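The values are calculated or read from the model by the stated rules, or taken from the named source; none is laboratory data. Just so you know, these numbers come straight off a predicted model, no measurement behind them. To get the accessible areas, we keep the full protein, side chains included, count just its heavy atoms, and leave off ligands, DNA and RNA. Shrake-Rupley method; radii C 1.70, N 1.55, O 1.52, S 1.80 Å.
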Amino acid sequence: MSKVIAVANQKGGVGKTVTSVNLGIGLAREGHKILMIDADPQGSMSISLGCDEPDRLDFSLATALVNIINDEPVDVSQGIIHHPEGVDLMPGNIELSSLEISMTGVISRETILREYVDKAREAYEYIIIDCMPSLGMMTINALACADSVIIPCQAAYLPVKGLQQLIKTIGRVKRQLNPKLEIEGILITMVDNRTNYAKDIAAQIYEAYSSSINVFETEIPLSVRAAEISASGSSLYVYDPKGKAAFAYTSFIKEVLNDGTKSWSESKAI
């Protein structure tokens, strides 16, 4: 039985793509067959996995979704890029932006991605979806087809303030489109342990949410190496295997595999 995990936060710069890449490759290192889906028009995951110019690709996620909208046959293997660290990638690019606009008049526009993902479930154990930094239609599509969502949140004031809106959106998707959707957990990222400020923010997240939503015990430390991997085309496990961020993501993978997700109570979380 495959599991689909959306990695989402409408706030940019919180380590969402770094988390997606190292989550997927970390699960592959544990022997699982992984599909990474880049649902961000900026193509950040695609670039991070070595696809230098995603906007020039002949086939991308947008192409597959247009085929679904037009009731054309969908081959989930078409356009897949095989990464040397053992994951498959369905790249995303700027075409997703125009697709979002054109989806306005499409019937069941919130569930177009679900048709593609349901076909891909047969071939993969985990499907990781890197969402765009907004609560637009592509993010709704990702949440509508996911089994769970991981929320990376930087240990800073503004990203924490944005959590409430995201959690409300997830709740609406759960009620109206995807009853099985659960919050896998909040992952605190970019933690500068040298400052009391970061520690205070992390404590606020635990205090506000841990009673109803899983907050991962692992915290991802602030790391220059983590910021550099988007240009390396590889994961932290290869780029900086002895670094503190790589060790943290290894610990995070163990938590995901242990699946300690709490039963999410919308009434408490919202």
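Legend: Rg and Dmax of segment 78-128, from Cα coordinates, 13.2, 39 Å. Among the listed pairs Lys33/Lys199; Lys174/Lys242; Lys168/Lys254; Lys119/Lys244, those with a Cα-Cα distance over 31 Å are Lys33/Lys199; Lys174/Lys242; Lys119/Lys244. Using alpha carbons only, the radius of gyration of segment 1-132 set against its Kirkwood radius gives Rg/Rh = 0.94.
Run the helix sum for the chain: -39,500 (n - 2.57) per DSSP H stretch of 4+ residues, divided by residue count, reported at 222 nm to the nearest 500 deg cm²/dmol. Walk me through the numbers on the way to the answer.
Working: 13 runs with 115 residues, N = 270.
Computed ellipticity for the chain at 222 nm equals -12000 deg cm²/dmol.
Counting only protein heavy atoms and a 1.4 Å probe, the chain has 43 square angstrom of accessible area per residue.
The accessible surface of the chain, taken with every protein chain in place and a 1.4 Å probe, is 50 percent carbon and sulfur.
Projected over every direction and averaged, the convex hull enclosing the alpha-carbon atoms of segment 122-270 yields 9.7 nm². So for the chain, considering every pair of alpha-carbon atoms, how many percent are separated by more than 24 Å? Every Cα pair in the chain considered, those over 24 Å come to 44 percent.
Pairs of alpha-carbon atoms within less than 8 angstrom and 6+ residues apart define the contacts here; what relative contact order does the chain have, in percent?
Numbers: 525 pairs, mean separation 68.8, N = 270.
With pairs under 8 Å counted, the relative contact order is 25 percent.
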